[in-house]
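These notes concern the structure reproduced below.
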Protein chains: 2
Amino acid sequence: MDSPQSSENWGSSGIIPANHPRRESLLIREKLVEALRENILTEHGLIAHGRGECFDYLIGETTTPFAKRSIEISASLLLLAKRPVISVNGNMAALVPEELVKLANEIPAKLEVNLFYRNEKRLKSIKEKLQRAGATEVLGVEDEQVTIPELFSERRRVSKEGIFSSDVVLLALEDGDRTEALVKMGKKVISIDLNPLSRTSIFSTVTIVDNVTRAIPLLLSKVKEMKTWDRESLVNLSKNFNNRENIAIALSYISERITALSADFKGKGKSI
Amino acid sequence: MDSPQSSENWGSSGIIPANHPRRESLLIREKLVEALRENILTEHGLIAHGRGECFDYLIGETTTPFAKRSIEISASLLLLAKRPVISVNGNMAALVPEELVKLANEIPAKLEVNLFYRNEKRLKSIKEKLQRAGATEVLGVEDEQVTIPELFSERRRVSKEGIFSSDVVLLALEDGDRTEALVKMGKKVISIDLNPLSRTSIFSTVTIVDNVTRAIPLLLSKVKEMKTWDRESLVNLSKNFNNRENIAIALSYISERITALSADFKGKGKSI
């Protein structure tokens with residue numbers, strides 16, 4: 001079988017063959033390397049992506065049934081929200097800018113740039129990227145900022161009209177401290193995170209264990225579908241969802257996949 | 001528990017607190033970001049590192065008993081070799097330059113720079129890094145190059161006096177195609193790779209599923225210890241080693257760890 005490792009070094013030609021077994025994954029990498037050069041991503045964002053790739057590989061690079069359920073629950077929370085906000089970081093802006101704008105328009109929700117490695121240049125690059133993707137309003141850059149209590153990183157700076165006064169926040173590839181702080185402020189947090197063991201995954205109200213490149217388009221189509229539902233149906237859908245159980249299911253899924261792969265190697269090969 | 005995710009964004013201050021639970025991991029990242037700026041590493045090397053971090057987390061960020069056994073087998077193969085070579089890439093040069101030079105001196109083995117994203121500037125930066133770490137001879141940069149059969153990437157270019165005429169090659173974070181090509185040429189390949197499912201891991205004669213920052217120092221101390229052994233003891237040590245079984249053990253180990261973690265979440269938390 002192929003592996004994330006093997007596709008590490010495709011070469012600097014920039015040409016990825018159409019039949020390459022890991023074409024999708026390699027195209028995503030090219031987008032991220034480009035985003036680093038455009039000042040949208042930091043070097044740390046590339047490392048974080050690599051970590052995500054590994055977990056994606058372990059779930060089979062597909063949206064699992066439990067991720068589909070999380071996406072449905074998330075659509076209901078976003079549609080029920082009074083002030084939903086999508087928190088955008090460098091990786092999201094690099095990979096799914098158009099889809100984020102469409103999702104924000106469809107819910108409708110506000111878009112806010114929020115970065116750990118925050119500087120004016122990056123904030124503006126990301127805002128512009130979203131604007132080129134069709135966004136008319138992007139918070140978190142020039143509007144009034146306030147501070148999230150009990151948080152010491154640059155991520156504590158949020159838009160007064162956006163995350164600060166939101167009731168539901170959708171985010172991805174986040175640091176656990178901020179997720180915890182947002183939940184403590186009484187907000188519902190929906191996170192997209194391939195690592196079911198991250199502190200973000202654990203603290204979130206709903207964790208979508210999936211790749212943003214698959215999860216955001218699926219969430220968009222669910223929001224479109226469920227927009228016509230009445231309030232009671234939306235409330236009923238999410239009321240038995242327990243995110244810790246969701247994480248346990250994700251971990252069991254990964255564990256079973258690895259056990260199956262392990263069986264492929266037992267009794268194979270020969271001694272030196 | 002903590003997670004790789006949570007440490008993604010320590011902040012741009014450059015100051016990592018001495019008591020930070022993921023201090024080691026964060027210091028390694030800082031070294032790699034620095035290496036990118038020094039032209040030793042490529043952006044793709046950062047993504048590859050992130051993927052490794054995830055697997056390292058899954059094995060518990062420690063050298064497992066099966067990795068210790070692989071390290072011992074590797075020491076015996078390196079000591080038995082007639083022309084052992086250590087193949088050095090950007091990640092290895094960034095993380096363990098002094099240890100690589102010490103290991104090469106101890107075996108003794110030749111050091112050769114070999115890159116997928118090959119250019120003169122990178123080759124020279126890495127050669128200089130190894131020289132600053134004490135290396136007197138570094139192959140693969142200005143010496144005579146030949147081509148490995150059946151390989152189409154830039155990695156096919158190897159030193160005539162080094163990898164091309166070697167009998168045992170130690171490498172890390174490699175592309176699977178080259179590993180396979182080296183094995184087809186009749187060489188024994190020892191790989192250090194955190195991903196037990198990579199094509200490099202699968203094709204290698206011995207795979208050390210461990211972080212290079214732990215494995216190289218351990219390999220050095222094993223080589224020192226086993227140098228005094230007679231030839232027969234060295235041969236006996238490795239003769240029952242089967243790398244496919246080794247990979248199966250690594251996968252089972254990871255799977256069991258995840259199952260245990262999953263149990264921590266079952267029946268916890270509450271519904272929305």
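Scan segment A:201-225 residue by residue and report those that are touching a Leu at 6+ places or on another chain (Cβ under 8 Å) and within 11 Å of another protein chain (Cβ to nearest Cβ).
Matches in segment A:201-225: A:THR205, A:VAL206.
Could you tell me how many of the residues in segment B:232-272 are hydroxyl-bearing (Ser, Thr, Tyr) and loosely packed, with under 14 Cβ neighbours inside 10 Å? If you could, list the steps in order and put the result at the bottom.
Residues of segment B:232-272 that are hydroxyl-bearing (Ser, Thr, Tyr), as a first pass: B:233, B:238, B:252-253, B:255, B:259, B:262, B:271.
Imposing the further condition that a residue be loosely packed, with under 14 Cβ neighbours inside 10 Å reduces the set to B:233, B:271.
Residues meeting the conditions: 2.
Given (1) part of a helix (DSSP H, G or I); (2) hydrophobic (A, V, I, L, M, F, W, C); (3) surrounded by fewer than 24 Cβ atoms within 10 Å (Cβ to Cβ), identify the lone condition not met by B:TRP229.
So the condition that B:TRP229 fails would be (1).
Restricting to segment B:116-127, what's the tally of residues that are more than 14 Å from chain A (Cβ to nearest Cβ) and either touching a residue at least 60 places away in the same chain (Cβ under 8 Å) or within 20 Å of the chain's Cα centre (by Cα) (or both)?
Residues in segment B:116-127 being more than 14 Å from chain A (Cβ to nearest Cβ) and either touching a residue at least 60 places away in the same chain (Cβ under 8 Å) or within 20 Å of the chain's Cα centre (by Cα) (or both): 3 in total.
Assuming A:SER159 fulfils every condition listed in (1) touching a helix residue (DSSP H, G or I) at 6+ places or on another chain (Cβ under 8 Å); (2) buried (at least 24 other Cβ atoms within 10 Å of the Cβ) apart from one, which condition is it?
(1)
For A:VAL212, indicate whether it is over 16 Å from the mean Cα position of the chain (by Cα), crowded, with 21+ Cβ neighbours inside 10 Å and under 21 Å from A:MET92 (Cβ atoms).
no
So which of A:LEU58, A:LEU41, A:LEU46 ends up being buried (at least 24 other Cβ atoms within 10 Å of the Cβ), within 12 Å of chain B (Cβ to nearest Cβ) and more than 16 Å from the chain's Cα centre (by Cα)?
Within the list A:LEU58, A:LEU41, A:LEU46, the selection yields A:LEU58.
Being surrounded by 16 or more Cβ atoms within 10 Å (Cβ to Cβ), in contact with a strand residue (DSSP E or B) (Cβ under 7 Å, 6 or more places away or on another chain) and part of a strand (DSSP E or B): is that true of B:THR200 here?
Criteria not met by B:THR200.
Can you name every residue in segment B:119-139 that is in a loop (DSSP other than H, G, I, E, B) and modelled with pLDDT of 95 or more?
The first filter runs over segment B:119-139 and keeps only residues in a loop (DSSP other than H, G, I, E, B), leaving B:119, B:133-138.
Matches in segment B:119-139: B:ALA133, B:GLY134, B:ALA135, B:THR136, B:GLU137, B:VAL138.
So for segment A:49-63 (the condition being among the small types (Gly, Ala, Ser), part of a helix (DSSP H, G or I), under 22 Å from B:TYR57 (Cα atoms) and at pLDDT below 90), does at least one residue qualify?
no
Out of the residues in segment A:153-170 that are within 17 Å of the chain's Cα centre (by Cα) and within 12 Å of another protein chain (Cβ to nearest Cβ), which is modelled with the highest pLDDT? If you could, list the steps in order and put the result at the bottom.
Restricting attention to segment A:153-170, the residues satisfying the condition of being within 17 Å of the chain's Cα centre (by Cα) are A:155, A:163, A:168-170.
Pick out the ones that are also within 12 Å of another protein chain (Cβ to nearest Cβ) and you get A:155, A:168.
Values: A:ARG155: 81, A:VAL168: 98.
The extreme case among them is A:VAL168.
Can you tell me which residues in segment A:230-266 are at the interface with chain B (Cβ under 7 Å from one of its Cβ atoms), under 23 Å from the mean Cα position of the chain (by Cα) and among the small types (Gly, Ala, Ser)?
The answer is A:SER238, A:ALA248, A:SER252, A:SER255.
Within segment B:22-45, can you find the residues that are in a helix (DSSP H, G or I), among the aliphatic types (A, V, I, L, M) and over 30 Å from B:ALA260 (Cα atoms)?
B:LEU32, B:VAL33, B:ALA35, B:LEU36
Based on this model, can you work out whether A:LYS239 counts as basic (Lys, Arg) and either under 27 Å from B:PHE55 (Cα atoms) or in contact with a helix residue (DSSP H, G or I) (Cβ under 8 Å, 6 or more places away or on another chain) (or both)?
Taking the combined requirement at face value, the residue does not satisfy it.
Within segment B:175-192, which residues are buried (at least 24 other Cβ atoms within 10 Å of the Cβ) and touching a strand residue (DSSP E or B) at 6+ places or on another chain (Cβ under 6 Å)?
Result: B:THR179, B:LEU182, B:VAL189, B:ILE190, B:SER191, B:ILE192.
Working only within segment A:134-150, note down all residues that are surrounded by fewer than 11 Cβ atoms within 10 Å (Cβ to Cβ) and closer than 16 Å to A:ILE86 by Cα.
Selection gives A:THR136 alone.
Does any residue in segment B:60-89 that is without any contact (Cβ under 8 Å) to a residue 40 or more places away in the chain come within less than 6 Å, Cβ to Cβ, of a residue that is among the hydrophobic types (A, V, I, L, M, F, W, C) and not in a strand (DSSP E or B) six or more places away or on a different chain, and which pairs are these?
none
Given the criterion more than 14 Å from chain B (Cβ to nearest Cβ), touching a residue at least 24 places away in the same chain (Cβ under 8 Å) and in contact with a Lys or Arg (Cβ under 8 Å, 6 or more places away or on another chain), identify the matching residue among A:ALA104, A:ALA109, A:ALA133.
A:ALA104
The values are calculated or read from the model by the stated rules, or taken from the named source; none is laboratory data. Just so you know, these numbers come straight off a predicted model, no measurement behind them. Backbone-built Cβ (ideal geometry, glycine too); neighbour counts: all protein chains shown.
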